Amino acid sequence: MSDLPWLVVGLGNPGDKYARNRHNVGHRVADELVARMGGRFATHRSRAQVHDGRWAPTGGRPGARMIVAKPSTYMNESGGPVAGLLQFFKLPVTRLLVVHDELDIPFSEVRLKWGGGEGGHNGLRSISKSTGSKGYGRVRLGIDRPPGRMDPADYVLRDVPAAQREDLLLMIGEAADAVEELGRADFARIQGIYNTKSGSR
């Protein structure tokens, strides 16, 4: 395991208009992480809301440091803030973890992935372009495919319906659990645990 902190970026769009959209579940996980750390976001010059903190000490050892961020830009411009934060904190792209919604995963499932394609996700495309790499971790939050012939772009910008909100909160909590575990174990181990858990549902 590296002694370097993780930069955990929750993707979404800024403002109350989008706060409860399916596309903003990454923001929701970032909010949950910072709440668990007992911190609060501060405006950063890299066009993001950032909390640089540590988990509570465990077993007499200091808690792992983790930098949690939410870009203040729209989703398709996420790459600029992310690249700026990596540069500011002097972190390689291999210490980047992006939390985002995923159409190709059943609703409420959490899966981890390292590298690979962006699956048409504009936030990931922007990050890969701005950092010059696809070699970063992803925490993928299942929001399922839109029903019928609904345009996916319209679907992701709609609020999660009331009937699914309890499962949404469980998914947010599970994703935060996975990120928290990265302070104690390597990515491959956590990926195996959570992907197996999702596949068994």
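The values are calculated or read from the model by the stated rules, or taken from the named source; none is laboratory data. Quick caveat: nothing in here was measured; it's all calculated off a predicted structure. Cβ: placed from backbone, ideal geometry, glycine included. Neighbour counts: every protein chain shown. Just so you know, the surface numbers come from the protein's heavy atoms only, side chains and all, with ligands and any DNA or RNA stripped out. Shrake-Rupley method; radii C 1.70, N 1.55, O 1.52, S 1.80 Å.
So here's what we get for this one:
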item	result
Sulfur and carbon atoms: percent of accessible area, the chain [1.4 Å]	48 percent
The stretch 34-53 and the stretch 76-126: distance between their alpha carbon centers, rounded to Å	18 Å
Percent antiparallel among DSSP beta bridges (both partners in the chain, rounded to 5)	55 percent
Surface per residue (accessible, 1.4 Å probe) for the chain, Å²	49 Å²
Aspartates and glutamates with Cα under 17 Å of LYS129, excluding same-chain neighbours fewer than 8 positions away	GLU77, GLU118
Furthest towards positive pole of dipole, TYR136, LEU112, TYR74, structure part the chain, Cβ charges	TYR136
Residue-level accessible surface for LYS70, protein heavy atoms, 1.4 Å, Å²	40 Å²
Nearest-20 debye value, the chain charge dipole, Cβ charges on Lys, Arg, Asp, Glu	460 debye
Heavy atoms of PHE107 accessible to a 1.4 Å probe, total area in Å² rounded to 10	30 Å²
Helical segments meeting 20 Å axial Cα length and Kyte-Doolittle -1.0 threshold in the chain (DSSP H)	165-181
Within straight-line cross-link reach of LYS90, aspartates and glutamates at Cα separation under 15 Å, skipping those fewer than 8 residues along the same chain	ASP3, ASP52
Residues whose placed amide H lies under 5 Å from that of ALA48, excluding near-sequence neighbours	SER72
Sparse-neighbour loop sites [trypsin sites (Lys or Arg not before Pro); the stretch 94-187; at most 12 other C-beta within 10 Å; DSSP]	ARG149
Links that overshoot a 18 Å alpha carbon limit, given the list LYS113/LYS197; LYS70/LYS113; LYS17/LYS70	LYS70/LYS113
Whether the stretch 102-198 is rounded, prolate or oblate, judged on the alpha carbon gyration tensor where a/c under 1.5 counts as rounded	oblate
